[in-house]
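A quick write-up on the structure given underneath.
The values are calculated or read from the model by the stated rules, or taken from the named source; none is laboratory data. Everything numeric in this text was worked out from a predicted model, so none of it was measured. Heads up, the Cβs are rebuilt from the backbone with ideal geometry, glycines too, and the neighbour counts pull from every protein chain shown. Side chains are part of the model used for accessible areas, which takes the heavy atoms of the whole protein and leaves out ligands, DNA and RNA. Shrake-Rupley method; radii C 1.70, N 1.55, O 1.52, S 1.80 Å.
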Amino acid sequence: MEWILTFENGNLRLLLNAYLPVVALLSLILLLPIFFEWVAVSYERRKTQSDIERSVLDRYFVYQIATIYISVTAGSLWKSAADIINHPSAVF
């Protein structure tokens, strides 16, 4: 994988690091409602369209809240860990 660092002056590496995670997240966001609808229809055996949509929206809302909570918590922990590693005497 060393060729990625030198291919077109590292532009491919920049492309992979900058855009690939965003595309993966957008793909997940696009596919989750479809998966949630499949779960509501096939597994939960919901019959009416309004009941299916309610189930999809409930699950998607919980997913978004969990994602925001995890992102904020992970970012805060990452910053704190970096501060502790860089300046260990400032902890106490």
TODO: Look through the range 1-45, keep the residues that are modelled with pLDDT of 75 or more and not in a helix (DSSP H, G or I), and return whichever of them is nearest to LEU57 (Cα to Cα).
DONE: GLU44
Open item on the list: Suppose the filter is under 24 Å from the mean Cα position of the chain (by Cα) and loosely packed, with under 12 Cβ neighbours inside 10 Å; does ASN9 pass it?
Closed with: no
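On the basis of being at positive phi and charged (D, E, K, R), does ARG54 make the cut? Break it down into steps so the answer makes sense when it comes.
Details: at positive phi: no; charged (D, E, K, R): yes.
Judged against the criteria, ARG54 is not a match.
Of the residues SER55, SER89, SER71, SER80, only one is open to solvent by less than 80 Å² (accessible area, probe 1.4 Å), over 24 Å from ILE34 (Cβ atoms) and of a type in the set (Gly, Ala, Ser); which?
Values: SER55 fails: over 24 Å from ILE34 (Cβ atoms); SER89 fails: open to solvent by less than 80 Å² (accessible area, probe 1.4 Å); SER71 fails: over 24 Å from ILE34 (Cβ atoms).
Going through SER55, SER89, SER71, SER80 in turn, the sole match is SER80.
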